[in-house]
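J.: Handing you a structure now.
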Amino acid sequence: MSLSSILLARLQFAFTVGFHILWPAYSIGIAALIAFLNALWLKTNRPVYQRLMHFWQKLFALGFAMGVVTGLVLSYEIGTNWGGFARATGAVTGPLFTFEVLTAFFLEAGFLGIALLGENRVGRGWHFFATLMVSVGTLMSALWILAANSWMQTPAGVVRDAAGVFHVTDWWAAIFNPSFPYRFMHMVCACLITGGLIVAGVSALQLRQRPEPEEAKVGLSLALWLLLFLTPLQLVLGDMHGLNTREHQPVKLAAIEGRWDTGRSVPLTLFAWPDVQNEVNRFAVEVPHLGSLILTHQWNGEVRGLKEVRPEDRPFVPIVFFAFRIMVASGLTMVALAFTGAWLRFRGRLYHTAWFRLALIAGAPLGWIAILAGWVVTEAGRQPYVVYGMLRTADANSTISPVANLATLLLFMLVYAGLFFGFLWYWLRIVLSPPSAPSPIPLAGTRTATVPASLPGGSS
């Protein structure tokens, strides 16, 4: 099997799963917002919360449909391009993916129709329950997928037989493996921040078009309160995740930091150009001692270097190194936006500062950028293994010609580009349209045969 075949298979899977991950992240954040808006409407009876809920239901349905369509490809891709992985890990990952379908997907699918179309049929209380269950379903989906991915990062609760096949000996240990709690909290927080940024960006765009709509002001206010709480929390969760990575995946951490030699009181490398061939960093900009303090919480803490393992057992350092810095830069920008919003709110200028509206519009994709960069760090940093320290990527690949891999990669890129522009066209049509009038509000627990005047579009 040639290296080019493996590389093309990796690029194809990276593209398809990277495109797919955008939509679950979007769905988790927006589903939580819809449930929260529904709770506010149920408690306060303010029509603005109902109108906002209707508006974001339409946008959620579009993202949910994109997630379903792009997710179907991945299971087939594992079977065709990664037969070695499917054969070796099927007894572990297969049940985890099945649990995701049996719990999360059925929960979402079962209540999605009620959440989108059943408001005037089941009553306000049951409708709120349906939106809550859809939100819980998105979180359950993240739980099982991240359990499987975390097991690949920090495998536990398994044995491997003479044929190289993994068998589960302890499901609790396999699911709640050492990195799972940190990865799950970090990812869910990232998804909620992503949703908050999109809501803030859309609200800012609407305020720029029409200065006085109540929906845009309420949406912007809620999103910025959310970001003010979650963005600092994400820094704490990221630090906890980093400490876990240092303990269980020290080579990945060394690649993240561009640390070639093991040492104490190591500096924090803000920027450098990792020279893989000569095992040094070029043009390094460093802060003395700060690396040990951040990575170990000790001034003189030891950080292991890449030279402790053979070159063939290291990830490709530059992509991990730069992807991590893109993620951190995006995260710090989000923190700055959240605290700038708090300052403008205190000064009474939140809704009338033009440059801040532009900053929020430009910053709306930052959550997606940070998630993609973090995913690259996670996956590329695990190389050359698909199951860390146990199953190498070269042994997980199928014997497929480079031509076939390249052709399907180009086909996926073409189809997904069409999907994305179609989504963006319809999404912008909804975003730029005036808010719809509120539909009749049935009393809690009552039923009505009235069909909503405006049905959410794009449902799957």
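J.: Suppose the filter is farther than 28 Å from THR194 by Cα, open to solvent by 60 Å² or more (accessible area, probe 1.4 Å) and in a helix (DSSP H, G or I); does LEU293 pass it?
T.: Details: farther than 28 Å from THR194 by Cα: yes; open to solvent by 60 Å² or more (accessible area, probe 1.4 Å): yes; in a helix (DSSP H, G or I): yes.
Yes: the conditions hold for LEU293.
J.: Against the definition (out of contact with any helix residue (DSSP H, G or I) (no Cβ under 6 Å at 6 or more places or on another chain) and not aromatic (Phe, Trp, Tyr)), how does THR98 come out, yes or no?
T.: On the way: out of contact with any helix residue (DSSP H, G or I) (no Cβ under 6 Å at 6 or more places or on another chain): yes; not aromatic (Phe, Trp, Tyr): yes.
Spelling it out, THR98 is indeed out of contact with any helix residue (DSSP H, G or I) (no Cβ under 6 Å at 6 or more places or on another chain) and not aromatic (Phe, Trp, Tyr).
J.: Can you pull out the residues in segment 337-353 that are open to solvent by less than 50 Å² (accessible area, probe 1.4 Å) and not polar (S, T, N, Q)? Lay out the reasoning, then the answer.
T.: Step one: of segment 337-353, the residues open to solvent by less than 50 Å² (accessible area, probe 1.4 Å) are 337-338, 340-342, 344, 350, 353.
Scanning segment 337-353 gives LEU337, ALA338, GLY341, ALA342, LEU344, LEU350.
J.: Being at pLDDT below 95 and within 30 Å of ALA407 (Cβ to Cβ) narrows it down to one of GLY123, GLY94, so name that one.
T.: Details: GLY123 fails: within 30 Å of ALA407 (Cβ to Cβ).
Step by step, each of GLY123, GLY94 is checked, and only GLY94 is at pLDDT below 95 and within 30 Å of ALA407 (Cβ to Cβ).
J.: Residues of segment 257-269 being open to solvent by 50 Å² or more (accessible area, probe 1.4 Å) and not acidic (Asp, Glu), which ones? Spell out the reasoning first.
T.: Start the filter on segment 257-269 by keeping residues that are open to solvent by 50 Å² or more (accessible area, probe 1.4 Å), which leaves 261-262, 264.
THR262, ARG264 - these are the residues of segment 257-269 that are open to solvent by 50 Å² or more (accessible area, probe 1.4 Å) and not acidic (Asp, Glu).
J.: Considering only residues that are more than 21 Å from GLY348 (Cβ to Cβ) and open to solvent by less than 10 Å² (accessible area, probe 1.4 Å), which ones fall in segment 199-220?
T.: So in segment 199-220, the residues more than 21 Å from GLY348 (Cβ to Cβ) come out as 199, 201-202, 205, 209.
Within segment 199-220, VAL199, GLY201, VAL202 qualify.
J.: Separate question: Show the residue pairs that are 6+ apart or on different chains and have beta-carbon atoms under 7 Å apart, the first residue being within segment 129-141 and closer than 7 Å to ALA104 by Cβ and modelled with pLDDT under 95, the second being among the aliphatic types (A, V, I, L, M) and surrounded by fewer than 20 Cβ atoms within 10 Å (Cβ to Cβ).
T.: Close Cβ pairs satisfying both conditions: GLY137/LEU107; MET140/LEU107.
J.: Let me ask another. Tell me which of these PHE180 doesn't satisfy, since it passes every other one: (1) free of Cβ contacts under 8 Å to residues at least 40 places away in the same chain; (2) more than 15 Å from the chain's Cα centre (by Cα).
T.: (2)
J.: Please verify whether segment 166-174 includes one or more residues that are modelled with pLDDT of 95 or more and open to solvent by less than 10 Å² (accessible area, probe 1.4 Å).
T.: So far as segment 166-174 goes, yes, one or more of its residues are modelled with pLDDT of 95 or more and open to solvent by less than 10 Å² (accessible area, probe 1.4 Å).
J.: Can MET240 be described as touching a residue at least 40 places away in the same chain (Cβ under 8 Å), assigned to a helix (DSSP H, G or I) and within 18 Å of TYR26 (Cβ to Cβ)? Talk me through it step by step, then tell me what you get.
T.: Details: touching a residue at least 40 places away in the same chain (Cβ under 8 Å): yes; assigned to a helix (DSSP H, G or I): yes; within 18 Å of TYR26 (Cβ to Cβ): no.
Here the answer is no, as MET240 does not meet what is asked.
J.: From the list ALA223, ALA272, ALA254, which one is part of a strand (DSSP E or B) and either buried (at least 22 other Cβ atoms within 10 Å of the Cβ) or in contact (Cβ under 8 Å) with a residue 24 or more places away in the chain (or both)?
T.: ALA272
J.: Shifting gears a bit: Name the one entry in VAL101, VAL68 that is in contact (Cβ under 8 Å) with a residue 24 or more places away in the chain, open to solvent by 30 Å² or more (accessible area, probe 1.4 Å) and under 30 Å from ILE6 (Cβ atoms). Lay out the reasoning, then the answer.
T.: Values: VAL101 fails: in contact (Cβ under 8 Å) with a residue 24 or more places away in the chain.
Exactly one of VAL101, VAL68 is in contact (Cβ under 8 Å) with a residue 24 or more places away in the chain, open to solvent by 30 Å² or more (accessible area, probe 1.4 Å) and under 30 Å from ILE6 (Cβ atoms), namely VAL68.
J.: When you look at ALA373, is it over 28 Å from SER265 (Cα atoms), at pLDDT 95 or above and open to solvent by less than 40 Å² (accessible area, probe 1.4 Å), yes or no?
T.: Numbers: over 28 Å from SER265 (Cα atoms): no; at pLDDT 95 or above: yes; open to solvent by less than 40 Å² (accessible area, probe 1.4 Å): yes.
Against the criterion (over 28 Å from SER265 (Cα atoms), at pLDDT 95 or above and open to solvent by less than 40 Å² (accessible area, probe 1.4 Å)), ALA373 does not qualify.
J.: For residues that are open to solvent by 40 Å² or more (accessible area, probe 1.4 Å) and in a helix (DSSP H, G or I), scanning just segment 377-396, find the one that is farthest from GLY258 (Cα to Cα).
T.: Checked segment 377-396; the qualifying residue farthest from GLY258 (Cα to Cα) is ASP395.
J.: Taking the options ASN281, ASN300, ASN244, name whichever one is buried (at least 18 other Cβ atoms within 10 Å of the Cβ), touching a Ser or Thr at 6+ places or on another chain (Cβ under 8 Å) and more than 26 Å from ARG183 (Cα to Cα).
T.: On the way: ASN300 fails: buried (at least 18 other Cβ atoms within 10 Å of the Cβ); ASN244 fails: more than 26 Å from ARG183 (Cα to Cα).
Going through ASN281, ASN300, ASN244 in turn, just one is buried (at least 18 other Cβ atoms within 10 Å of the Cβ), touching a Ser or Thr at 6+ places or on another chain (Cβ under 8 Å) and more than 26 Å from ARG183 (Cα to Cα): ASN281.
J.: Condition (residue is open to solvent by 10 Å² or more (accessible area, probe 1.4 Å) and not in a helix (DSSP H, G or I)) applied to segment 18-27: is it met by at least one residue?
T.: Scanning segment 18-27 turns up no residue that is open to solvent by 10 Å² or more (accessible area, probe 1.4 Å) and not in a helix (DSSP H, G or I).
J.: Would you mind stating whether VAL134 is closer than 30 Å to ALA39 by Cα and either in contact with a strand residue (DSSP E or B) (Cβ under 6 Å, 6 or more places away or on another chain) or of a type in the set (Val, Ile, Thr) (or both)?
T.: Numbers: closer than 30 Å to ALA39 by Cα: yes; either in contact with a strand residue (DSSP E or B) (Cβ under 6 Å, 6 or more places away or on another chain) or of a type in the set (Val, Ile, Thr) (or both): yes.
Judged against the criteria, VAL134 is a match.
J.: Applying the selection to segment 143-177, what residues are on the phi > 0 side of the Ramachandran plot and either in contact (Cβ under 8 Å) with a residue 24 or more places away in the chain or under 24 Å from the mean Cα position of the chain (by Cα) (or both)?
T.: Kept after step one, since they are on the phi > 0 side of the Ramachandran plot, are these residues of segment 143-177: 157, 164.
Listed by number, the list holds a single entry, GLY164.
J.: Within segment 397-412, how many residues are under 25 Å from the mean Cα position of the chain (by Cα) and surrounded by fewer than 15 Cβ atoms within 10 Å (Cβ to Cβ)?
T.: Count: 2.
J.: Does ALA156 fit the bill of being closer than 13 Å to GLY94 by Cα, crowded, with 18+ Cβ neighbours inside 10 Å and at pLDDT 95 or above? First the steps, then the outcome.
T.: Numbers: closer than 13 Å to GLY94 by Cα: no; crowded, with 18+ Cβ neighbours inside 10 Å: yes; at pLDDT 95 or above: yes.
No; evaluated as a whole, the condition is false for this residue.
The values are calculated or read from the model by the stated rules, or taken from the named source; none is laboratory data. Small disclaimer: the values here were computed from a predicted structure and weren't measured. A quick note on method: Cβ atoms are made from the backbone with ideal geometry, for glycine too, and the neighbour counts reach across all protein chains shown. Calculation scope for accessible area: heavy atoms of the full protein, side chains included, ligands and nucleic acids excluded. Shrake-Rupley method; radii C 1.70, N 1.55, O 1.52, S 1.80 Å.
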